[in-house]
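Here's the structure we're looking at; comments come further down.
The values are calculated or read from the model by the stated rules, or taken from the named source; none is laboratory data. Small disclaimer: the values here were computed from a predicted structure and weren't measured. Every residue, glycine among them, receives a Cβ derived from its backbone with ideal geometry; neighbour counts consider all protein chains shown. Ligands, DNA and RNA are excluded from the accessible area calculation, which covers all protein heavy atoms including side chains. Shrake-Rupley method; radii C 1.70, N 1.55, O 1.52, S 1.80 Å.
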Amino acid sequence: MLDTIGLSTLEELYAHLPEDVRFHGALNIPSGKSEYEIIDYFRVRGHENANSHANFLGAGVYHHYRPVLVDTVVSRAEFLTSYTPYQAEISQGTLTAIFEFQTMICQLTGMDVANASMYDGSTAVPEAAMMAMRITGREGIAVARTVHPEYREVLGTYTRHQGVPVTEFEYDPESGQLDLESMEQVLNENTAAVIIQSPNFFGVIEDAKRIAEMAHAKGALLVLVFTEAVSLGLLEPPRDADIVAGELQSFAIAPSYGGPFAGIIACKEKYVRQLPGRLVGETKDASGNRAFCLTLATREQHIRREKATSNICTNQALIALMATVFMALYGKQGLRELAEQNLAKAHYLGERLWRRFKGPYFNEFVAATGVQSPDEINHRLLGFQIVGGLRLDRFYPELGNSVLLCCTEMASRADMDAVAEAFGA
Amino acid sequence: MDPEDLRYTKEHEWVRVEGDTGTIGITFHAQKELGDIVYVDLPKPGTLLQQHKTIGSVESVKAVSDIYTPVSGEVVEVNGSLAESPEILNTDPYGSGWLVKIRLSEPGEAGKLLTAAEYHAFVGTESS
Amino acid sequence: MITKVRQHPTQNESLLFETSSPGKIGYQLPALDVPPVDPSEVLGAEYVREEIPDFPEVSEVDVIRHFTRLSTWNYAIDLGLYPLGSCTMKYNPRVNEAVARTEGLMWIHPYQPDALSQGAFAILAELERVLAEITGMDAVTLQPAAGAHGELTGILLVRALLEAQGNPRKRVIVPDSAHGTNPASVRMAGYEVVNVASNDRGMLDTEALARMVDDDVAAIMITNPNTLGVFEEHIIEVARILHSKGALVYMDGANLNALAGISRPGDYGVDLMHLNLHKTFSTPHGGGGPGSGPVAVKKPLEPFLPLPRLQHASSGWSWNYDRPHSIGRVRAFYGNFGVLVRALAYIMAHGGNGLRRATLDALLNANYLRKLLETDYEIAYSAPSMHECVFRHAATGAIAKRLIDYGFHPYTVSFPLIVHGAMMIEPTETESKQELDLFVDALISIAQEVKESPELVQTAPHSTRTNKVDEVAAARKPILKWTR
Ligand SMILES: Cc1ncc(COP(=O)(O)O)c(C=O)c1O
């Protein structure tokens, strides 16, 4: 091959680079390892982490069972090793699956249109906020303090440098739902969007209908965020929202120390041209057969560049495919039953503990630890191979001695009894 | 090909002046460059437009092109059929593919734009 | 002419919603070991939904058949050459998939106590170290989820540094050959985009650049090698021009596959850059993602890196949130960990020398293709090619579709925008000479067809289940979900 090019050594391939940019040293990276050594390295790292513990952490990342078929499908080379489906004729597999994904997200959320995925729930939030600003021509954002604290931090990072005022409003210390009066106070004629989460960070379900009415009365859009997608199997869908921004990790996506996950944005039909991210549409091929392709791409960076709706290019396609397979497997009946199991488990434990908030909850709740500190309880639980709840004072200083606990279908009765005991209940 | 009774801009728009009303559109050349047009974004009636400012855009599958108004004034009518059938911009850019009608605020502006012959010459130099 | 038959179910697979029949299930749940609760009772009836309209009801076999059939309608790296320029579609070693599914890596919760995640910390720390080594930079954040997310993070870092110096400035210079994410990211970071044209060698014109850089310019975003596959030979001069006005040099490192082991941007004036682990470090593209876009920076930018940062003490690793100058969080948690694991596995398999060798092979393959295609296709710029080469042809779109009939994925079409009829070809190092020769034969044969039977090329592809897709109709009347 070098002969063909007319060179005699590989080094000549970059001989045209200026001397000062060439690297003459050797990279300080140990020489190549065999497959066995690599597997062993990661196996050992895995053992240094908590292993096969029962886990009562939620807070945006949930321990749900992952059906075997999910990995079977996403391991197929045709899905795993293909690029973004720009060449429709040889990407119909991916395109069809995304079309089904978009459809199921719409069915679940009650929205008209859903995109093909965002990086995760946290980045979907600022993208939804910017979308609302483009739609309304307004500049301010009002966000509930019950939205995931890290999502709010990401919103802050994205908006700060564009000079967008973001105002937080309070929750009601009794119910754990957002405080409607506090919300009313921060809304004004410059509010583009009210952002709420339901079930919220405390696991409490918000009255989205009422909140939507109040937001709309002020000419603002309602952006509804969800982190626990399984709740959609049981709870009234957020159809009163204008934009839904969510995280699908619960749909057979492993916790994986926080990623890769898959976010989505869904919205009312009339806002589709302001939607960020890829969209797949149905059309026909030259023989008149049904076919799918990426569409409405003029919203995106590769065409509209600095005027695009977002800079997103690579998204989370394969992870969204996991969610697609999960939704297909569980289906109409399974998703409901799964959600009901989560509800039953959480209420089994929740009703035995001293819950901080009275609002209706799905599979997470805030428990007061009483005279003990959260760390004492969690330390004791670790002795039973149980990872306890999340200390809330980290994000809410006013909620000392309280933890956020989550019970999914994976929580066994025995482990929940152990948790109750550790709390002294 | 480019009608004699219209005036043109270097951004490939045309205007037809009738009394105090100007009808604007994009040229044959513009639609040909874009290819199959799939979407047109136009201002609402009542919008005040300033000459040479962007007032909307035309989109093909893989490109977006801003529309600059050749004349100033108030939008009095928008071509509603473009929403359903954007393809008429390809088939009849000087007729049923018009974009908006404007009540002219500066009637003198149109006369200073390119004539069909000047526009034709301009397109020739641009593509060579 | 033979007409294609699409009778067999594998070719006519319906959508899940169409296969669906009431009562079919594909899941199992263990029996509930606690008392059931009545949702309406504990939540209030107004919060409980009706059944999900038209949601699928299918069996497990239906599901596996469905997705397996769909998969056969895709092209993939494992089927053959995937020469998409700028995308670095190299082979994805399966050991990386295996290690990412290690139980103790897959099932760890981001909020479990740091003491229970020491293995994860060790992986992240080692990956930060090797990426800094490869780029010649001082510090790395692994958080960004993809290249574009890295760009946004990077420009926010630029802003934070300049702000700390008293003036964030107003504009960022972006070459006209840049990827669309560059200008879009600049805008999201609150800067104005100024485009700079490339010269007739496909490189930045340093004189034009010098005239543009003033006290309002915050940075330049330069891709190197650029999207023409050409190394910006005046990169040192570019850095000098920017630095002399107090501005920074951001490098889009999407094309690091041309540099790893032979050139380190941190050694010659680049202040910060992002990497695409899903390109250079072979984490699978997965039909569009997930990716990972770490940002590597020089020392002065380190205090501003996103929260949280790794820290080490005698008690072990933990997360440091006490960083007052940080731009804040760019996402929840710590990054696309599963992707990071795969990238480290790739780097370990290669070692320092292996990475360098892979780079040389990538250059070799690209230059080999260029040489063999140069007689039949016009190269867009005569400057030497690095890991990819860009040709031009008026029929680039049709030729791309015709390549499908020859069994190949098309090259990147119509990008970079500054080349009319661009054909951007990046073979990567994992292709054999045999595969490259077949590809060359195909393109040469198509060049002939374009002259002799243009109709055949214009209407391609002819061999696929789905022939030419009507993208115009899709955009005119968008149908974005299935309805009954
Ligand atoms: C040159 C260049 N820059 C940036 C990007 C954006 O990276 P990503 O798709 O990971 O966001 C790409 C990839 O498409 C690219 O080729």
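Quick grid of which residues meet (1) within 12 Å of another protein chain (Cβ to nearest Cβ); (2) open to solvent by 10 Å² or more (accessible area, probe 1.4 Å); (3) on the phi > 0 side of the Ramachandran plot; (4) within 11 Å of the ligand (Cβ to nearest atom):
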{"position": "C:Ala247", "(1), (2), (3), (4)": "no, no, no, no"}
{"position": "C:Gly269", "(1), (2), (3), (4)": "yes, yes, yes, no"}
{"position": "C:Thr283", "(1), (2), (3), (4)": "yes, no, no, yes"}
{"position": "C:Pro290", "(1), (2), (3), (4)": "yes, yes, no, yes"}
{"position": "C:Pro308", "(1), (2), (3), (4)": "yes, no, no, no"}
Say we look at segment A:374-390 and pick out the residues that are surrounded by 15 or more Cβ atoms within 10 Å (Cβ to Cβ) and more than 9 Å from every other protein chain (Cβ to nearest Cβ); which of these is farthest from A:Trp354 (Cα to Cα)? A:Phe384
Keeping to segment A:107-150, report how many residues are open to solvent by less than 10 Å² (accessible area, probe 1.4 Å) and either outside the structural domain of A:Leu178 (by TED's automatic domain parsing) or hydrophobic (A, V, I, L, M, F, W, C) (or both). 17
Those residues of segment A:62-80 which are within 16 Å of A:Gln316 (Cβ to Cβ) and in contact with a strand residue (DSSP E or B) (Cβ under 9 Å, 6 or more places away or on another chain) amount to A:Phe79
Please determine, by comparing only the residues of segment C:292-306 that are assigned to a loop (DSSP other than H, G, I, E, B) and more than 16 Å from the ligand (Cβ to nearest atom), which one is farthest from the other protein chains (Cβ to nearest Cβ). C:Lys298
Neighbours by Cβ (under 7 Å, 6+ apart or cross-chain): first from segment C:32-56, within 7 Å of another protein chain (Cβ to nearest Cβ); second part of a loop (DSSP other than H, G, I, E, B) and exposed (fewer than 11 other Cβ atoms within 10 Å of the Cβ): C:Asp54/C:Arg484
Is at least one residue of segment C:175-193 more than 9 Å from chain A (Cβ to nearest Cβ), more than 16 Å from the ligand (Cβ to nearest atom) and open to solvent by less than 40 Å² (accessible area, probe 1.4 Å)? no
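Table: residues versus (1) within 17 Å of A:Arg22 (Cβ to Cβ); (2) among the charged types (D, E, K, R); (3) buried (at least 24 other Cβ atoms within 10 Å of the Cβ); (4) within 11 Å of the ligand (Cβ to nearest atom).
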{"site": "C:Asp252", "(1), (2), (3), (4)": "no, yes, yes, yes"}
{"site": "C:Gly261", "(1), (2), (3), (4)": "yes, no, no, no"}
{"site": "C:Arg264", "(1), (2), (3), (4)": "yes, yes, no, no"}
{"site": "C:His274", "(1), (2), (3), (4)": "no, no, yes, yes"}
{"site": "C:His278", "(1), (2), (3), (4)": "no, no, yes, yes"}
{"site": "C:Gly286", "(1), (2), (3), (4)": "no, no, yes, no"}
For segment C:163-174: of the residues being open to solvent by 50 Å² or more (accessible area, probe 1.4 Å) and part of a loop (DSSP other than H, G, I, E, B), which is nearest to the ligand (Cβ to nearest atom)? C:Lys170
Within the set of pairs 6+ apart or on separate chains, which have a first residue in segment A:1-29 that is closer than 29 Å to C:Glu126 by Cβ and within 8 Å of chain C (Cβ to nearest Cβ), a second that is of a type in the set (Gly, Ala, Ser) and assigned to a helix (DSSP H, G or I), and C-beta atoms under 6 Å apart? A:Ala26/C:Gly352; A:Leu27/C:Gly352; A:Ile29/C:Gly351; A:Ile29/C:Gly352
Quick check on segment C:92-125: of everything there that is farther than 25 Å from A:Gly60 by Cα and touching a helix residue (DSSP H, G or I) at 6+ places or on another chain (Cβ under 6 Å), which residue is nearest to the other protein chains (Cβ to nearest Cβ)? C:Val95
Quick one: which of A:Thr295, A:Thr314 is at pLDDT 95 or above, among the β-branched types (Val, Ile, Thr) and farther than 23 Å from A:Phe251 by Cβ? A:Thr295
Complete set of residues in segment A:291-315 that are under 18 Å from A:Ala132 (Cα atoms) and part of a loop (DSSP other than H, G, I, E, B): A:Glu300, A:Ala308, A:Thr309, A:Ser310, A:Asn311, A:Ile312
List pairs: first in segment C:62-90 and more than 7 Å from chain A (Cβ to nearest Cβ), second in a helix (DSSP H, G or I) and within 14 Å of the ligand (Cβ to nearest atom), Cβ under 7 Å, 6+ apart or cross-chain? C:Thr88/C:Asn257
Of the residues in segment C:101-121, those that are open to solvent by 10 Å² or more (accessible area, probe 1.4 Å) and of a type outside the set (S, T, N, Q) come to C:Arg101, C:Glu103, C:Met106, C:Trp107, C:Tyr111, C:Pro113, C:Asp114, C:Ala115, C:Leu116
Determine whether segment A:35-49 contains at least one residue that is assigned to a loop (DSSP other than H, G, I, E, B), touching a helix residue (DSSP H, G or I) at 6+ places or on another chain (Cβ under 6 Å) and facing chain C (nearest Cβ under 7 Å). no
Checking the conditions here, which among A:Leu13, A:Leu7 is of a type outside the set (Val, Ile, Thr), in a helix (DSSP H, G or I) and at pLDDT 95 or above? A:Leu13
If we scan segment C:140-149, do we find a residue that is at the interface with chain A (Cβ under 8 Å from one of its Cβ atoms) and more than 16 Å from the ligand (Cβ to nearest atom)? no
Top-ranked residue in segment A:151-165 [being of a type in the set (D, E, K, R) and under 23 Å from A:Ile205 (Cα atoms); ranked as surrounded by the most Cβ atoms within 10 Å (Cβ to Cβ)]: A:Arg152
Hits in segment A:339-373 - residues which are hydroxyl-bearing (Ser, Thr, Tyr) and more than 9 Å from chain C (Cβ to nearest Cβ): A:Thr369, A:Ser373
Taking the stated definitions as given, is A:Asn342 at pLDDT 95 or above, surrounded by 24 or more Cβ atoms within 10 Å (Cβ to Cβ) and more than 16 Å from the ligand (Cβ to nearest atom)? yes
Only one of C:Ala208, C:Ala160, C:Ala148, C:Ala178 is within 23 Å of C:Gly85 (Cβ to Cβ) and in a helix (DSSP H, G or I). Can you tell me which? C:Ala148
Taking interchain pairs and intrachain pairs at least six residues apart, which have beta carbon atoms under 7 angstrom, with the first residue in segment A:64-78 and over 15 Å from A:Phe251 (Cβ atoms) and the second open to solvent by less than 20 Å² (accessible area, probe 1.4 Å) and part of a loop (DSSP other than H, G, I, E, B)? A:Ala77/C:Ala76; A:Glu78/C:Ala76
Has segment A:233-242 got any residue that is within 10 Å of chain C (Cβ to nearest Cβ) and under 12 Å from the mean Cα position of the chain (by Cα)? no
If we scan segment C:116-129, do we find a residue that is farther than 30 Å from C:Pro225 by Cβ and not in a helix (DSSP H, G or I)? yes
